[in-house]
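Colleague: Sharing a structure, written as structure tokens. Questions coming.
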Amino acid sequence: MTTILVTGGAGFIGSNFIHLLVKDRPDARIVNLDALTYAGNLENLKEVEGQANYTFVQGDVASPEDVARAFDAAGESGVNHVVHFAAESHVDRSIQGGLPFVTANVLGTQVVLDEARKRGVERFLHVSTDEVYGSLGPTGFFTEETPLDPSSPYSASKAGSDMLVQAAFKTHGFPTLITRCSNNYGPYQFPEKLIPLMIANAREDKPLPVYGDGMQIRDWLYVQDHCEAILTVLEKGAPGEVYNIGGHNEYPNIEIVKGILGHLEKSEDLIEYVTDRPGHDRRYAIDASKIERELGWKPRYTFEQALPRTLEWYLSQDEWLQRVRSGAYRDYYQLQYGT
């Protein structure tokens, strides 16, 4: 049986990845290590709890003791693969204070790398972001050869973690892989990010804050497509390589906001333009031809297909959304595990 340690598995993308593993790799054993910071929500994994092949360990990736405990949870057979999601990821929060981002994203990555090398892990996949490349002009795309040029404390910390992962491959021959994705959206996303925030505010007729002129362009990637790409890279990718993952869906933020309002039949008068954040990258766009060419992965969903699916999920999950917005979800761990 293959054992996969997933760090940050109670977060947005990590929990979607665990759901994919449960569905598509039922013979795999899953160990989920998560610190349960504000963005970690075990309610995302209610359907998985209690399954014989799933184990949750609460712990901090920046703590060697916690990370060792997670590896020990795999038992005598040990951990075969690590998929490292755990990270502080909200740009606005990083602007307010960068230290938690350096601690989790840089130090945490090195701690997990060290333990994984010590344990003889067969494949280590580090989940990164296209934000490490910085900002694009009106034309062109990020390729895996684009120099790193981060603009925020968040993206700088992710660039640092990427380089540590690459150094582990070059120095130690450790079988690492890096994926860099475009903007994700879909179920279980914490409602500080654009799409779930706009859905939640629009439903309550609250202002929808849009930075600057709203013309910041992003390549939108449905989280299910992203998770399938990660699994493809984990199983088929060449050690030492970087793979860009994009959705081929470039849209300005303001179009996303207006689309959500239209779907919910709400007035665009709810849009409130606010002062742009410092260092706000103008455009991201991914060239995902490498993963398509070498590993045969392509996104299955267009934005026109997946945005309505996402809206329908949030509209059908009113209790989940309200518990996240109120903070009540943070009581779930104690209720479930008694600690």
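Laboratory data are not the source of any read-out in this text; all were calculated from the coordinates shown. Bear in mind that the values here come from a model prediction, so they are computed numbers and not experimental data. Glycine gets a Cβ as well: all are built from the backbone with ideal geometry, and neighbour counts include every protein chain shown.
Colleague: Sum -39500 (n - 2.57) across every DSSP H segment of at least 4 residues in the chain, then divide by the residue count to get the 222 nm mean residue ellipticity, nearest 500.
Modeller: Using -39500 (n - 2.57) per qualifying helix, the result is -11500 deg cm²/dmol.
Colleague: Tyr251 to Glu204: extension gain in nm, 0.36 nm per residue of separation minus the Cα-Cα distance?
Modeller: Taking 0.36 nm per residue and subtracting the Cα distance, the gain is 14.4 nm.
Colleague: How long are the semi-axes of the equivalent ellipsoid of the stretch 1-61, defined as square roots of 5 times the Cα gyration tensor eigenvalues? Whole Å, largest first.
Modeller: Semi-axes from the Cα gyration tensor: 18, 12, 10 Å.
Colleague: While we're on this one: For the ranges 123-132, 6-15, 313-322, 62-71, what's the packing order if you count other beta-carbon atoms within 10 Å of each residue, average per peptide, and put the highest first?
Modeller: 6-15, 123-132, 62-71, 313-322
Colleague: First measure r as the distance between the Cβ atoms of His280 and Asp318, then evaluate 1/(1 + (r/R0)^6) with R0 = 30 Å and state the FRET efficiency to the nearest 0.05.
Modeller: Once the sixth-power term is evaluated, E becomes 0.40.
Colleague: How large is Rg over Rh for the chain, taking Rg from the Cα atoms and Rh as the Kirkwood inverse mean of 1/r across Cα pairs?
Modeller: Ratio value, two decimals: 0.95.
Colleague: Now for a separate question. So for the chain, averaging the separation of alpha carbon pairs under 8 Å that are six or more residues apart and normalising by length, what relative contact order in percent results?
Modeller: Once normalised by length, the contact order is 17 percent.
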